[in-house]
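Written below as structure tokens is the structure these notes are about.
The values are calculated or read from the model by the stated rules, or taken from the named source; none is laboratory data. As the structure is a computational prediction, the values presented were derived from the model and not from experiment. Backbone-built Cβ (ideal geometry, glycine too); neighbour counts: all protein chains shown. The area values use the complete protein model at the heavy-atom level, side chains included, leaving out ligands, DNA and RNA. Shrake-Rupley method; radii C 1.70, N 1.55, O 1.52, S 1.80 Å.
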Amino acid sequence: HLIGSARSIASAEAFAEEHDGALPHAVSTWPRAAVNLCGEILGAGVIALPSTIAQLGLVLGVGSLLAFSLVVLYCGMLLKRVKLEFAPAAMSYGDVARQLHGPRFEAFTRALIMLNWFFLMGYYLVALTGMFATVADEAGS
């Protein structure tokens, strides 16, 4: 598959040259990847945000939301800098890890991303189960 080693980057670039700049279906553009990542993060946050704000209180909840928004903005700026200055040909976190630290760190980075997705799936299932249980209780009363 095309997302992976440095060979995948060359393959994607060769594909794009042969097909009028179009990328293969397995490769996403940076803006599309950013939108997907934001959707993933916002999806989890929207489920948990109301109860979290209720537990923290309005002032502390909104203050925390603003503080973490600044942290996320800074992290995004760091990612942009790494992409533009250190790994302009990279198409994934694994590619960046390989270019900066070698193939072993690429494998480690890809394993961490898969582990994150696995536990995120568990979080979604628990959150959805709680939501459906609440809806069922409200519908029954």
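Output the residue which, of all residues in the stretch 74-129 that are of a type in the set (A, V, I, L, M) and part of a loop (DSSP other than H, G, I, E, B), is nearest to the chain's Cα centre (by Cα).
Met91
Take Leu37 and tell me if it is closer than 26 Å to Met131 by Cβ, modelled with pLDDT under 90 and open to solvent by less than 80 Å² (accessible area, probe 1.4 Å).
When the stated conditions are applied, Leu37 passes them.
Which members of the stretch 130-141 meet the condition of being in a helix (DSSP H, G or I) and exposed (fewer than 10 other Cβ atoms within 10 Å of the Cβ)?
Passing the criteria: Asp137, Glu138, Ala139, Gly140.
May I ask you to verify whether Tyr93 is surrounded by 14 or more Cβ atoms within 10 Å (Cβ to Cβ) and either touching a Leu at 6+ places or on another chain (Cβ under 9 Å) or without any contact (Cβ under 8 Å) to a residue 60 or more places away in the chain (or both)?
Considered against the rule, which asks whether it is surrounded by 14 or more Cβ atoms within 10 Å (Cβ to Cβ) and either touching a Leu at 6+ places or on another chain (Cβ under 9 Å) or without any contact (Cβ under 8 Å) to a residue 60 or more places away in the chain (or both), Tyr93 comes out as yes.
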